[in-house]
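Single-structure report; data block below.
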Ligand code: NDP
């Protein structure tokens with residue numbers, strides 16, 4: 001029997017509707033609208049697209065967004081001064097600095113300058129540090145990893161004791177996903193470009209999260225029958241039959257995997273929509289922390 005398709009589009013739609021409802025109720029009760037500041041440095045077209053989608057999503061659920069676009073020539077000090085100004089602005093509950101920053105910026109220093117209570121993207125070193133420590137609670141968790149867990153928990157309410165393999169160890173996806181899985185009491189193996197025998201390791205996985213950025217790298221015969229697969233990869237492959245000349249695929253060969261797995265997220269329509277939905281949820285949380 002083919003795998004269940006875990007639709008991020010549908011789950012995200014529900015999250016957005018819940019956020020919109022709660023925002024409307026709070027505004028009705030006299031609370032201020034939540035506000036998200038987006039800070040974009042440089043002219044990377046993909047980053048511009050991501051920020052636009054985030055602003056549009058905010059508008060749809062009644063969250064104010066305040067966009068700041070700075071040239072790549074901005075200095076570290078100017079960028080951090082802007083963050084400090086936003087830290088002190090009561091209309092701004094969440095600050096999102098779009099990553100990656102252009103070359104030359106000290107990313108960690110910028111992320112550290114965001115007030116913890118406004119770190120809706122969850123990349124402040126203290127929030128990440130707390131995520132990695134037993135008994136410590138981060139105020140916010142990075143949005144894509146949080147989206148992966150939300151989908152996983154919807155399909156698999158008991159993660160405890162399961163073998164989870166995370167393919168990829170980046171700061172923004174692989175590593176925080178692995179930390180979240182450990183917190184959910186899974187037994188976690190993290191694979192990366194220096195791992196040997198990926199198929200052998202992945203065949204042990206009850207849960208597989210892939211975040212490598214390699215089109216359809218994971219083949220059907222690497223997958224344990226019944227496994228739950230969360231495919232974070234967003235890869236463009238040439239396809240002259242498509243109007244844009246390419247199509248978007250994940251890190252997993254979907255056609256093969258769907259015949260073996262128990263459940264799988266599609267690409268597109270899987271993790272992608274969840275990232276923004278979790279950002280909206282975090283911004284609402286930040287507004288509740290600030291305004292009761
Ligand atoms: P990075 O390039 O930062 O990290 C990739 C990771 O994969 C690294 O840990 C790298 O290992 C590992 N890797 C690369 N090649 C191989 C290989 N052949 N075998 C095993 N491991 C390998 O990517 P990101 O984490 O930023 O993104 C991963 C994917 O997720 C991309 O396709 C990206 O577009 C997508 N993405 C999707 C999001 C969404 O909202 N859906 C959000 C963010 C990312 P090493 O550490 O050894 O270099």
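Nothing in this text is a laboratory measurement; each read-out follows from the coordinates by a stated rule. These figures come from a predicted structure and were not determined experimentally. Cβ placement follows ideal geometry from the backbone for every residue including glycine, while neighbour counts extend to all protein chains displayed.
Angle of helix 143-155 to the longest C-alpha principal axis of the chain, folded into 0 to 90 degrees and rounded to 10: 50°. Relative to the longest principal axis of the Cα atoms of the chain, the long axis of helix 76-87 lies at roughly 80 degrees. Note on the chain: GNM, Cα springs under 10 Å; of 268, 102, 142, the largest mean-square fluctuation is that of 102.
Please report the antiparallel percentage of the DSSP beta bridges confined to the stretch 154-292, to the nearest 5. Let's see the in-between values first.
Values: 4 of 20 bridges.
That works out to approximately 20 percent antiparallel.
I want to verify a result. In a Gaussian network model of the chain, Cα cutoff 10 Å, which of these has the top mean-square fluctuation: 251, 106, 231? Per the Cα network of the chain with a 10 Å cutoff, 106 tops the list.
When the chain is treated as a GNM with alpha-carbon contacts under 10 Å, the residue of 270, 245, 35 showing the greatest mean-square fluctuation is 245.
Which ordering of 63, 15 is given by a fewest-first count of other beta-carbon atoms within 10 Å?
Listed from fewest to most nearby Cβ atoms, that is 15, 63.
Annotation for the stretch 147-194 versus the stretch 60-129: alpha-carbon center distance of 26 Å.
For the chain, what is the percent of antiparallel DSSP beta bridges, rounded to the nearest 5? Spell out each step's value before the answer.
On the way: 4 of 33 bridges.
Counting only bridges with both partners in the chain, antiparallel ones make up about 10 percent.
The sum of -39500 (n - 2.57) across all DSSP H runs of n ≥ 4, divided by the residue count of the chain, sets its helix-only mean residue ellipticity at 222 nm to -12500 deg cm²/dmol. Working from Cα pairs under 8 Å separated by at least six residues, relative contact order for the chain is 22 percent. This ranking places 278, 289, 151, 217 by how few other beta-carbon atoms lie within 10 Å of each, fewest first, which gives 289, 217, 151, 278. The angle between the Cα long axis of helix 45-61 and the main principal axis of the chain comes to about 70°, on a 0 to 90 degree scale.
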